[in-house]
1. Greater than 26 Å separation of Cα atoms is the criterion. Which listed pairs, A:Lys148/B:Lys210; A:Lys31/B:Lys456; A:Lys66/B:Lys231; B:Lys64/B:Lys391; A:Lys215/B:Lys322; A:Lys31/B:Lys223, meet it?
2. Test of understanding: in a Gaussian network model of chain A with alpha carbons linked when under 10 Å, which of A:Asn144, A:Asn193, A:Asn166 would top the mean-square fluctuation ranking?
3. If amide H atoms are built 1.01 Å from N in the plane of the peptide, which residues on other chains or at least 5 residues away come under 5 Å of the amide H of B:Phe326?
4. If you take each beta carbon of peptide A:106-116 and count the beta carbons of other chains within 10 angstrom, what is the mean?
5. Assign unit charges at the C-beta atoms only (+1 for Lys and Arg, -1 for Asp and Glu), then state the dipole size of the stretch A:196-245 relative to its Cα centre in Debye, rounded to the nearest 20.
6. R0 = 25 Å: FRET efficiency of B:Ala33 with B:Asp68, Cβ-based, nearest 0.05?
7. State, as an integer percentage, the relative contact order of the stretch A:29-125 based on alpha-carbon contacts under 8 Å between residues 6 or more apart.
8. Given a cut-off of under 8 Å on Cα pairs at least six residues apart, what relative contact order in percent is computed for chain A?
Amino acid sequence: MKKSIAVLMALIMLFAFSACGKDAAETPDVKGEGVMTYAEYIAAPLDSEVVVETYVQAKQSWWEDKATVYSQDKDGAYFLYNMSCSQDDYAKLTQGTKIKVTGFKAEWAGEIEIIDATFEILEGNYVAPAFDITAILGTEDLINHQNKFVTFKGMTVESIKDADGNDVAFLYNWDGSGTDGDDLYFNASVNGNPYLFTVESYLCDNTTAVYSAVKNLKIGDKIDMEGFLYWYEGVNPHIISVTPAQ
Amino acid sequence: MRLKSKIAALVCAALTAATLFSCHGSRGLPEFAIPDEFDTSRRHEITFWAKNDTNINQTRIYEKAISDFEAIYPNIKVNIRLYTDYGKIYNDVITNIATNTTPDVCITYPDHIATYLTGENTVVPLDELAINPKYGLGGSEIKFDSPSKNEIIPQFLSECKIEGILYALPFMRSTEACYINKTFVEKLGYELPETLSWDFVWEVSEAAAKQDADGNYLLNGQKVMIPFIYKSTDNMMIQLLRQSGAGYSDENGNISLFNDTTREILLTVAEHVKTGAFSTFKISSYPANFLNAGQCVFAIDSTAGSTWMGSEAPLSDIAEDKFVEFETAVMPIPQINADNPRMISQGPSVCVFNKTDPQRVLASWLFVQYLLSNEVQIAYSQTEGYVPVTKKAQESDEYKDYLSRAGEDTNEHYKVKIDAVKLLLDNIDSTFVTPVFNGSASLRNAAGQLIENTAKSVRRGETVDDAYIENLYSSVTSLYRLDSLNESAASGREFTEGLPAASKALLICLSAAWVGILIYIAKEKIKRNRI
């Protein structure tokens, strides 16, 4: 009898370990009934109702029962703008939390997003690994990764002009009119092509490591970055981490 | 770059803050009394919360104004805190009223002051200060060339009165303008009329919305064209109602927004959203971005946004290769009655917050006056399509020279900007403001929400008819707690009637706690007396 129990326990343990060993990303996303796949979401026309299951990757803001959230499933990303959300529920939206979102697909200045949405929390957890987008910068394929959690490798900090025409490493606000606590803007290049990056102050305020890191950038620094591939009249990544290039 | 998420968030924040403030209440300050003399032997440190339009030139002008003022009054130190949004200032002021840590001087809107006034003696009434012989506007003891009260444009000054009391001074004024791709209008076979009518704008917009079989717009050959975009839909509704002679609200806070004219306006909006002829900033993005890319014919935005408008706009969020060449016409917003044009007056005002030290308040008042000096008025007005608020500035040679040089360059003398300024200068008598009361900011938001919701519903294939509009009236009334405002106005009760249940519960708990404390003290006293 004891032997049987021991064998059974061993089998259970083996099964459990094998499940643990499997990369979460490799496990296919099984969508609930009536829920769109990412491909179906992308194919849906603007202003149509969409229902998706996705995972919270980062939270931008909460005001008066509205939350703005960066989310992603294993196939693609969804920006959830001003989604109905109580303050209690907002606290539950930790990184990886699975949610079912019902809202409307919209486009604002090139950013595809879900607006006027409601959500419910589901069982499940997934934290998206940073997708290396460096080689795709400047290509037509870039927009296919919109809103994803991405990494930029081996970028070079380029100068940006302040209002006096001086070359500086970053600006408070897009034209330098801001002060500490406002959004930060800086240029970084790869293969000689510069791109504009933003530290969105609602996502990462002036107490965060990334805010300090950008304030300490020097022109010519080699850096790696992580962030969300946000769009505003073109690509406008919201950066959440800056480290020396590896 | 300018992002909608922040704007919407701040509007919501302001609403939240207004609720919290009503809930917290504040400790009252003594009424301000004007000192006989300004004490120059003491150092006074004041805080100025200013707003700029994410415009470095405005930041610089504020900094220079402070530096010049401190040189004139070496015993006054002005600390500036810069904002880029009125809603954020409003939010922060309300939060700080509860702890008596407001700024000393603040850029604001009268709608917001109406909420600040729910704190006792929070905002300094300026009527007596303005006419004080020594320290009033143009007073004998003022150490710079301050404008007299008569030199402030009377209409702008009257906009700063709440229930007949002057609580602010105007700082800058603007209105809305219709920025038009004239090239497109003419390509469609139309000529711009002397006065733009709504019928004309709708008709041309419908013509511009025509597409070929592949979905390309005939007018621009692109896949994107929104012929008519309105930035501020609250202004759109308010101005249409005023032009129609229909109700909106009165000074007592009685709300008449939900009327038959509003219904007609919404049905018209629905009709043109359905054909793709009309959209809004909140739905689509900044009108300037579409206008400059040749994807819009009529873009209505503030005159204070004029530096973003046109194919040579000095400020822009779109890539250079997206710009197209076209002739930009700047006209007053469309009118219902060309013989009686009506347009909104807007723009920042400046108020003084009360403090326990009247000398500090007087120092603030001196600084406010300095903001109305020609040095500041002319310089700041040139940063955008703003109009100085004093005749002294408007009639100065320097300002006249500035206006005469429209089009000399695409920066300081950018033609579209100066045309926008002239538009307001030529129409000051046609401008109006809405009544200010505690809750008028919510009503304004509700007015815009009606248009936004209607437009979204049409885009989503919903039917917009009388039944829809009835439901919309009901949901918007509830969302902005306008029924509570109406009840308050009718009974003269405080805005706290509109508080959420949780806030009411908190107030009840606080009251109960105080009653409990008083009962305990009374019992203890009785006990001691017995002993």
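Throughout, read-outs are computed from the coordinates displayed, never taken from laboratory work. As the structure is a prediction and not an experimental result, all values here were calculated from the model. As a convention, Cβ positions derive from the backbone with ideal geometry for all residues, glycine included, and neighbour counts pool all protein chains shown.
1. A:Lys148/B:Lys210; A:Lys31/B:Lys456; A:Lys215/B:Lys322; A:Lys31/B:Lys223
2. Looking only at A:Asn144, A:Asn193, A:Asn166, the largest GNM fluctuation is found for A:Asn166.
3. B:Ser311
4. Numbers: counts 5, 3, 9, 11, 3, 4, 0, 1, 0, 3, 3.
Going residue by residue through A:106-116 and averaging, the value is 4.
5. The dipole of the stretch A:196-245 has a size of about 200 debye.
6. Values: r = 29 Å, r/R0 = 1.16.
Computed FRET efficiency for B:Ala33 and B:Asp68 comes out at 0.30.
7. This gives 28 percent for the stretch A:29-125.
8. The value is 14 percent.
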